[in-house]
Each structure stands twice: as structure tokens, then as C-alpha cells.
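Asker: The structure's right below; bear with me while I get my questions together.
The values are calculated or read from the model by the stated rules, or taken from the named source; none is laboratory data. Because the structure is predicted, anything quoted here is derived from the model rather than measured. Positions of Cβ are generated from backbone atoms using ideal geometry, with glycine treated the same way; all protein chains shown enter the neighbour counts. Protein only, heavy atoms only, side chains kept; ligands, DNA and RNA dropped before computing areas. Shrake-Rupley method; radii C 1.70, N 1.55, O 1.52, S 1.80 Å.
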Amino acid sequence: MTTIHVNHAQPSAAKDIIHEWMNNIAGTLINYDVAGHMALISKDVKVLGVPRLGTLDYKDWAAQVAHEFEQKLVQTIEYRGDHLRAESSINIMFVTRETLTASDGMVVDNNLEVVLKKEDDGVWRVVQERFLDEGEARHFGLI
């Protein structure tokens, strides 16, 4: 991936793409739209460092989303932070804090490094997520 060092004080088209992706993910949750949600996830996705599970792939993500949406287990999703780490014409890496609220009221915070990729069809999809440890999350101001 070719990277461009970003001046975080300047507006960025990458941030617009990040925000659109976040809003689209949240919209699929509100409507419990499994197909719409999975359309925002690359078939090549890898989720690294998942507590108690290790690594997940597309099949794992799809199964989890299908179960959670069918059972309406997640009520809300919120993203805080869009700290851009690197970008190119087809890749954007950023860190964020994802907060999920379950139907039973339980709240789960995930500090994530996310990589979006503009795939061949022109759609930006998540191709990688990595759970950050506490030190990394603190470094990026997520906690």
C-alpha cells in the first residue's frame, strides 16, 4: 500500500469515505439488513485480535451478523473517532472506537484499526479490522 502522510488539520476526502461507511454500517443495523451489511464487508476481510476468538474471516462475520440481526441482539452502533493513519487511492486506514449496545442493555466498546479498500466495483469495503490493545487505544486517544 502506498501511503500518504496526512495533515490531520486539513479536510480529507478519506474522512468523508470513512463517515459514509460508518453511516452505512449503522443503517444496516437499524434495519437489521444482513445483505446490506455484508455488502460493506470485503470477501477477503480478516478481523484480527478478536477477544476469545483470535481471527475471523468473511464467513465468520456473516454468520455472526445473521445470528445477531435475526435475534435483534444489537440495538445501536456508534463510532467515535476517525483518526486517519494512512491513505492511498484504494486503501484507507483509520482508528476508531466502536460502541455496541445490546438489546439487554449491555454495552461493548471495541477499539479498532480499520482498513477500507475500494474494490473493483468501486465500493469501499472493510478488508481488515484489528482490535487494539489498551496502550494503542490510549495512544490514539480512544480511551
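Asker: Please tell me if Thr76 is in contact with a helix residue (DSSP H, G or I) (Cβ under 8 Å, 6 or more places away or on another chain), surrounded by fewer than 20 Cβ atoms within 10 Å (Cβ to Cβ) and not charged (D, E, K, R). Spell out how you get there, then give the answer.
Answerer: Values: in contact with a helix residue (DSSP H, G or I) (Cβ under 8 Å, 6 or more places away or on another chain): yes; surrounded by fewer than 20 Cβ atoms within 10 Å (Cβ to Cβ): yes; not charged (D, E, K, R): yes.
So Thr76 passes the test.
Asker: From the list Asp82, Asp121, pick out the single residue that is loosely packed, with under 14 Cβ neighbours inside 10 Å and of a type in the set (Asp, Glu). Break it down into steps so the answer makes sense when it comes.
Answerer: Details: Asp82 fails: loosely packed, with under 14 Cβ neighbours inside 10 Å.
Being loosely packed, with under 14 Cβ neighbours inside 10 Å and of a type in the set (Asp, Glu) holds for just one of Asp82, Asp121, which is Asp121.
Asker: How many residues, within the range 120-134, are within 13 Å of Met93 (Cα to Cα) and either in a loop (DSSP other than H, G, I, E, B) or of a type in the set (Val, Ile, Thr) (or both)? Break it down stepwise before answering.
Answerer: Going through the range 120-134, the residues within 13 Å of Met93 (Cα to Cα) turn out to be 124-130.
Still in the list and also either in a loop (DSSP other than H, G, I, E, B) or of a type in the set (Val, Ile, Thr) (or both): 126-127.
Within the range 120-134, residues that are within 13 Å of Met93 (Cα to Cα) and either in a loop (DSSP other than H, G, I, E, B) or of a type in the set (Val, Ile, Thr) (or both) number 2.
Asker: Can you work out which of the residues in the range 26-42 that are more than 17 Å from Ala102 (Cβ to Cβ) and in a loop (DSSP other than H, G, I, E, B) is most open to solvent (accessible area, probe 1.4 Å)?
Answerer: The selected residue is Asn31.
Asker: Next question. Return a yes/no flag: does the range 87-96 have any residue that is modelled with pLDDT under 95, touching a Lys or Arg at 6+ places or on another chain (Cβ under 6 Å), in a strand (DSSP E or B) and open to solvent by 20 Å² or more (accessible area, probe 1.4 Å).
Answerer: No.
Asker: Sticking with this one: Could you pull out the residue among Leu73, Leu84 that is touching a residue at least 40 places away in the same chain (Cβ under 8 Å) and either of a type in the set (A, V, I, L, M, F, W, C) or within 20 Å of Asp109 (Cα to Cα) (or both)?
Answerer: Selected residue: Leu84, the only one of Leu73, Leu84 that is touching a residue at least 40 places away in the same chain (Cβ under 8 Å) and either of a type in the set (A, V, I, L, M, F, W, C) or within 20 Å of Asp109 (Cα to Cα) (or both).
Asker: Look through Leu112, Leu100 and report the one residue that is open to solvent by less than 60 Å² (accessible area, probe 1.4 Å) and either over 22 Å from Asp33 (Cα atoms) or of a type in the set (Asp, Glu) (or both). Give the derivation first.
Answerer: Working: Leu100 fails: either over 22 Å from Asp33 (Cα atoms) or of a type in the set (Asp, Glu) (or both).
Just one listed residue meets the conditions, Leu112.
Asker: Another question, if that's okay. Since Arg130 meets every condition but one in (1) open to solvent by less than 40 Å² (accessible area, probe 1.4 Å); (2) more than 18 Å from Met38 (Cβ to Cβ), which condition does it not meet?
Answerer: (1)
Asker: Same structure again: Just name the residue that is nearest to Thr28 (Cα to Cα) out of those in the range 51-109 that are among the aliphatic types (A, V, I, L, M) and touching a Phe, Trp or Tyr at 6+ places or on another chain (Cβ under 6 Å).
Answerer: The selected residue is Val95.
Asker: Look at the range 32-55 and say how many of its residues are under 24 Å from Asp104 (Cβ atoms) and either modelled with pLDDT of 95 or more or among the aromatic types (Phe, Trp, Tyr) (or both).
Answerer: Residues flagged as under 24 Å from Asp104 (Cβ atoms) and either modelled with pLDDT of 95 or more or among the aromatic types (Phe, Trp, Tyr) (or both) within the range 32-55 amount to 5.
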